[in-house]
Amino acid sequence: MLNNTLLKAYCGAEVYIKNSVKDFFKKEEGVTAVEYAIVVAGVAAVVLFIFGSSGPVREMLNTTFTTLQTKITSMINGGGATP
C-alpha cells in the first residue's frame, strides 16, 4: 500500500515537472523584452549619429549600456540583479 502511494506520488511529480519545463520553453514573454532592446539599440544608434561622437549624450548612452551589460551578464551568470 505504501509503495503504491509512493509510486503514484512519484509519477505525479514527474508529470508535473515535465509539463512545467514544457510550459517554460513555450512562454514568449522574454521575446517582447528582446524586441524592445533591439528598438532601444536602434534609437541609440540614431541619437549617436545625430549628436556626433562626443558630448553628454554619448557619455550618457555609454554609461547606460555599460550598466545594462553588467546587469545582463550578472543575470546570465546566476548572480541576479537588482532593478
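Readers should treat all values here as calculations from the given coordinates under stated rules, not as data from a laboratory. This structure is a prediction, so every number in the text was calculated from the model and none was measured.
On a full-extension model of 0.36 nm per residue, what is the gain between LYS71 and LEU48, subtracting their alpha-carbon distance, rounded to one decimal in nm?
6.0 nm
Straight Cα distances below 18 angstrom link LYS26 to the aspartates and glutamates GLU35, with same-chain residues fewer than 8 positions distant left out.
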